[in-house]
Amino acid sequence: MAIRRRAFLTLTGGLAAAAGLTACGSNTGRPEPGGSASASGGGAKPTLSQWYHEYGEDGVEEAVKKYAAAYDKATVTVQWNPGDYEKLVSSALLTDKAPDVFEYANGPTLDMIKAGQALDLTAMLGDAKPQFTQSVLDAASWEGKVYAIPQTVDMQMLFYRKSALDKAGIAPPATIDDLIKAVPAVKTKDMGGFYAGTDGGIGVLSSMFIWAAGQEQISADKTTIGFDNAEGHAAFAKFAELAAADGYVPSASGDWSTASPFVNGETAMQWSGLWILPEVTDALGDDFGVLPFPSVGAAGRQAVPFGAFGACVNAKGKNVEAATEFVRWLWVDQEADQLEFSNAFGTHIPAKTALVPKADKVASGAGAEAAKFVAEGGHANDKLWTPAIQQAITAAVTNVVQKKADPKSEIAEVAATAKADIKRLNG
């Protein structure tokens, strides 16, 4: 089974966790990893290899091969990669069989950047930089340099049933206290108040509480976490309060990433993703709305998480200049292809702000609101946010929410883990 583009958003609050990029399935006869091209002699066009992970939506593979075939300044061979794409790319970049161009979730990892494996594309982007949604471009950057050109955007948000809130006399929640009050108010004998997954929302909402509290995952000096403070402690106490609310749904017919709990009437509000929008619209018509995650605390802000695969250039490839020009042509210049990539295969937000109104699935209504949420309050994992830190915060929040542990002491444990891991990366 192939994973959809939004899959790296669905497994944890850490939007680009390693597991989130894994697609399952056997070898179907694709070329062996490699294909790093070299320029041919005699003035022939250079040859380039381009790698993608295996998308779940029908038609994507054919589309990207069509784009590559249309490029007339190089011969571009597209390799489709079922299986553990992240591991495959990381391993290939250590060899001379690495692709010239490869996609990666929210741009290359910090390890890739520090190892000189991902090319700085800032100069190539040039005057086109303001065309991209700033938060999305920031996720593909490190220390002010752009290392990937965003291809398309997926995101998460809060769905609510208008009729259920209206009947209870409840306004759409703007703050966490509003949400905590709304959960029992909209609950009925047949419908719960709020659902965020089979784990009680711990995996998907942990980082949301950080961002919504006005905090950052990593401290400004890049030495530890950025929420080991009064605001962070209070935020996770609020998570425990929300999870304890009468009407907080512990389990449902599907996980948070599926539409069924919401459209089946199992919950009046559900945290999910843009990808369920067509199913929700078909089932409920205009009886639903969407919101960012409510602000938490006095320093809080409404926020959403997003993910965007971006096109990277192998800085150690044999045709770096040709690869850079191809990426510029496809992901900066070819707006018709960029629009098709976002609009024709599932529901996604174009990375360029000017293309959003041209993508009919997000040009108006809830889709347009989703794009606005990303532009105004979008967040993605910091490049220093490692799997070890994600594991630590998941354990900490589990203790706070399920075992009523003290948030201050639990977050202190996360800080200890983070300091060691960040020191390694900064070294």
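Set side by side, the residues 34, 43 differ, and just one is modelled with pLDDT under 95 and open to solvent by less than 30 Å² (accessible area, probe 1.4 Å), which is 34. Listed by first and then second residue, the pairs linking a residue in region 88-104 that is closer than 19 Å to residue 319 by Cβ to a residue that is buried (at least 23 other Cβ atoms within 10 Å of the Cβ) and among the aromatic types (Phe, Trp, Tyr), with Cβ atoms under 6 Å apart and 6 or more places separating them unless they lie on different chains, are 89/102; 99/51; 102/51; 103/309. Listed here are the helices (runs of 4 or more DSSP H) enclosed by region 219-316 that have at least 2 residues being within 21 Å of the chain's Cα centre (by Cα): 277-284. I'd like to check something: does region 413-427 contain any residue that is open to solvent by 20 Å² or more (accessible area, probe 1.4 Å) and assigned to a loop (DSSP other than H, G, I, E, B)? Yes; the residues of region 413-427 include at least one that is open to solvent by 20 Å² or more (accessible area, probe 1.4 Å) and assigned to a loop (DSSP other than H, G, I, E, B).
Please find, within region 314-325, the residue that is most open to solvent (accessible area, probe 1.4 Å) out of those that are touching a residue at least 40 places away in the same chain (Cβ under 8 Å) and either under 12 Å from residue 121 (Cα atoms) or of a type in the set (Ser, Thr, Tyr) (or both). Break it down into steps so the answer makes sense when it comes.
As a first pass, look at region 314-325 and keep what is touching a residue at least 40 places away in the same chain (Cβ under 8 Å): 314-320, 322-325.
Right, trim to either under 12 Å from residue 121 (Cα atoms) or of a type in the set (Ser, Thr, Tyr) (or both) and you get 314-315, 320, 323-325.
Working: 314: 10, 315: 34, 320: 38, 323: 1, 324: 19, 325: 72 Å².
Selected residue: 325.
Restricting attention to region 93-130, the residues that are in a loop (DSSP other than H, G, I, E, B), within 19 Å of residue 322 (Cα to Cα) and touching a helix residue (DSSP H, G or I) at 6+ places or on another chain (Cβ under 9 Å) add up to 8. A count restricted to region 193-202 and to residues that are open to solvent by less than 10 Å² (accessible area, probe 1.4 Å) and either of a type in the set (S, T, N, Q) or out of contact with any Asp or Glu (no Cβ under 6 Å at 6 or more places or on another chain) (or both) stands at 6.
Note on region 52-85: residues that are closer than 16 Å to residue 151 by Cβ and either among the basic types (Lys, Arg) or under 19 Å from the mean Cα position of the chain (by Cα) (or both) amount to 10.
If you check residue 133 against the conditions, is it among the polar types (S, T, N, Q) and touching a helix residue (DSSP H, G or I) at 6+ places or on another chain (Cβ under 6 Å)? Before you say what the answer is, go through the steps one by one.
On the way: among the polar types (S, T, N, Q): yes; touching a helix residue (DSSP H, G or I) at 6+ places or on another chain (Cβ under 6 Å): yes.
Answer is yes for this residue.
For region 145-186, what are the residues that are among the small types (Gly, Ala, Ser), closer than 20 Å to residue 378 by Cβ and surrounded by 23 or more Cβ atoms within 10 Å (Cβ to Cβ)? Residue satisfying the conditions is 148 alone.
Listed by first and then second residue, the pairs linking a residue in region 246-269 that is farther than 23 Å from residue 168 by Cβ and open to solvent by 20 Å² or more (accessible area, probe 1.4 Å) to a residue that is at pLDDT below 95 and in a helix (DSSP H, G or I), with Cβ atoms under 9 Å apart and 6 or more places separating them unless they lie on different chains, are 257/6; 257/7; 257/9.
Considering region 115-144, the residues that are at positive phi and free of Cβ contacts under 8 Å to residues at least 40 places away in the same chain include one that is least open to solvent (accessible area, probe 1.4 Å), namely 126. Can you give me the number of residues within region 346-380 that are assigned to a loop (DSSP other than H, G, I, E, B) and either under 23 Å from residue 174 (Cα atoms) or open to solvent by less than 20 Å² (accessible area, probe 1.4 Å) (or both)? Qualifying residue count for the region: 7.
The values are calculated or read from the model by the stated rules, or taken from the named source; none is laboratory data. Note that the structure is a prediction, hence the values are computed from the model and not measured. In this analysis, Cβ positions are derived from the backbone assuming ideal geometry, glycine residues included, and neighbour counts consider all displayed protein chains. In case anyone asks, the SASA skips ligands and DNA or RNA and just uses the protein heavy atoms, side chains included. Shrake-Rupley method; radii C 1.70, N 1.55, O 1.52, S 1.80 Å.
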